Amino acid sequence: MNALKKYMEASLPRPPENPDLSPGQANEFRRRIANVEGAMRGEVATLKRKMDVLAEAIASIQAQLDGTT
C-alpha cells in the first residue's frame, strides 16, 4: 500500500510556489485529490477481495490436511 501511496503522490503536480491559488486551480487540486482517493479505495477493495479468496483457500487446504492426518 505504501508503494501505491508514493506512486500517487509522485504523480500529482507540485503545488505552485505562490500559496495563493486561483479558484480554478483549487478546484483542479480538489478534483485530483478526489480521483486519487477513489483509486485508493478501489485498490483497497480489490486487495480485500483477494485476501478473502486466499483465506478461503487456506482454510480449505487446512481442512483437507486435517482430514487426512
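The values are calculated or read from the model by the stated rules, or taken from the named source; none is laboratory data. The shown structure was predicted, so the numbers you read here are calculated from the model rather than taken from an experiment. A quick note on method: Cβ atoms are made from the backbone with ideal geometry, for glycine too, and the neighbour counts reach across all protein chains shown.
Things to note:
- Scan of region 11-33 for residues that are hydrophobic (A, V, I, L, M, F, W, C) and either at pLDDT below 75 or more than 22 Å from the chain's Cα centre (by Cα) (or both), ordered by number: LEU12, LEU21, ALA26
- Of the residues making up region 31-47, at least one is surrounded by 10 or more Cβ atoms within 10 Å (Cβ to Cβ), within 15 Å of PRO13 (Cα to Cα), hydrophobic (A, V, I, L, M, F, W, C) and without any contact (Cβ under 8 Å) to a residue 24 or more places away in the chain.
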